[in-house]
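K.L.:
Got a structure for you, written out below as structure tokens; questions coming shortly.
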Amino acid sequence: DAVVLQQTRRHRAALDLLNELSVRTPEDGRVWMRIMRAHKQAGRRSMAEAAIKSGIEACPANARLRQALADLCREGGRHDEARLHFRQAMTLDRELVSIYDSWGRMEAALGQHSLAASLFKRGLAIEPRARLHHALGVLLDKVGETEAARVTLRAGLDLSDEQHNPQLLHALGMLEGNAGDVGRARAHFMAAIEHHPTFTLAHLSLGRLE
């Protein structure tokens, strides 16, 4: 099994098996994704991209493969290419929430805040996820929409099993600190630390606050 071989660090054997599987079952997008990841982990980015392109050729309707190509372009700073592939992935599967997340984060990093917020909101409309609530909340706080950011982050904490999410608690702490409410900021940082003692960012932010 290729996964077992990778876990035991027999990377060459794992890649050989994955390449064999790609010939036997070219329609299985998971195989192409694993080949890409194996090349990425080894620092072979051009081969990772070549693998994903081969996967897209074999599975043209697979939105996850198209998003993976968009992500490779994003990581390489080829943002226009990334946008093209994100759009194509979205055309293939408009319900694939990870597209909105990844594309939105790219636009947020590039300062395209309105587009990023729109993508995050579209993703949340499909499926509320803590990761998207965090991304949108942080972005809204950054552009000065404090109350909207607060509502968004709290909504993330209201999701099932997310009431102690350290990223959301930390983001709320940062928001309240920026708004001048030291008491609330401290409470959020301490809540993150209480439930996740190894969450370093909360320790650092609490130390700066004090």
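K.L.:
Take A187 and R208, extend 7 Å from each Cα along the Cα→Cβ direction, and tell me the distance between the two endpoints in nm.
P.N.:
The answer from the label model is 2.2 nm.
K.L.:
May I ask for the angle, rounded to the nearest 10°, between helix 97-109 and the longest principal axis of the chain, with both axes built from Cα atoms and the value confined to 0 to 90°?
P.N.:
60 degrees
K.L.:
To continue, here is another question. Starting from the 7 Å offset along Cα-to-Cβ, what nm value, one decimal, do you get for the label separation of E194 and A148?
P.N.:
For E194 paired with A148, the spin-label model returns 3.2 nm.
K.L.:
Taking 8 Å as the Cα distance limit and 6 or more residues as the minimum spacing, I'd like the relative contact order of the chain as a percentage.
P.N.:
For the chain, the relative contact order is 9 percent.
K.L.:
Setting aside same-chain residues fewer than 8 positions from K142, which aspartates and glutamates have a Cα under 17 Å from its Cα?
P.N.:
Leaving aside aspartates and glutamates fewer than 8 places away in the same chain, those within reach of K142 are E107, E176, D181.
K.L.:
Working from Cα positions, state the angle (0 to 90°, nearest 10) between the long axis of helix 200-209 and the longest principal axis of the chain.
P.N.:
30 degrees
K.L.:
Within a Cβ distance under 15 Å of H195, other residues only, what is the Lys/Arg minus Asp/Glu net charge?
P.N.:
That sum, taken over residues with Cβ under 15 Å, equals -3.
K.L.:
Around A51, what is the net charge, scoring Lys/Arg as +1 and Asp/Glu as -1 over all other residues with Cβ under 12 Å from its Cβ?
P.N.:
Values: positive: R34, R37, K40, R44, R45, K53; negative: E49, E57.
Summing Lys and Arg as +1 and Asp and Glu as -1 gives +4.
K.L.:
Per residue, how many Å² of accessible area does segment 58-107 show with a 1.4 Å probe?
P.N.:
43 Å²
K.L.:
Shifting gears a bit: Based only on Cα atoms, what mean projected area does the convex hull of segment 84-210 have, in nm²? Write out the running numbers ahead of the final one.
P.N.:
Numbers: hull surface 31.9 nm².
Here the figure is 8.0 nm², rounded to one decimal.
K.L.:
Could you state the number of Å between the C-alpha centres of segment 178-210 and segment 131-168?
P.N.:
15 Å
K.L.:
In addition: If I ignore ligands, DNA and RNA and count only protein heavy atoms, how much of V182 is accessible to a 1.4 Å probe, in Å² to the nearest 10?
P.N.:
60 Å²
K.L.:
Right, next: Where a Cα-Cα gap under 14 Å defines reach, which aspartates and glutamates qualify for K53, not counting those fewer than 8 residues away within the same chain?
P.N.:
E27, D28, D71, E81
K.L.:
Please report the net charge: other residues with Cβ closer than 11 Å to the Cβ of L92, K and R +1, D and E -1.
P.N.:
On the way: positive: R64, R66, R87, R94; negative: D93, E95.
With Lys, Arg at +1 and Asp, Glu at -1, the net is +2.
K.L.:
Simple spin-label model, 7 Å along Cα-to-Cβ: R87 to T25 in nm?
P.N.:
That separation, rounded to one decimal, is 3.4 nm.
K.L.:
Measure nothing fancy, just the Cα-based angle from helix 63-75's long axis to the longest principal axis of the chain, in degrees from 0 to 90, nearest 10.
P.N.:
Long axis of 63-75 versus the principal axis of the chain: about 70 degrees.
The values are calculated or read from the model by the stated rules, or taken from the named source; none is laboratory data. Because the structure is predicted, anything quoted here is derived from the model rather than measured. Glycine also receives a Cβ, built like all others from the backbone with ideal geometry; neighbour counts cover every protein chain displayed. Note: accessible area is taken over every heavy atom of the protein model, side chains too, but ligands, DNA and RNA are not part of it. Shrake-Rupley method; radii C 1.70, N 1.55, O 1.52, S 1.80 Å.
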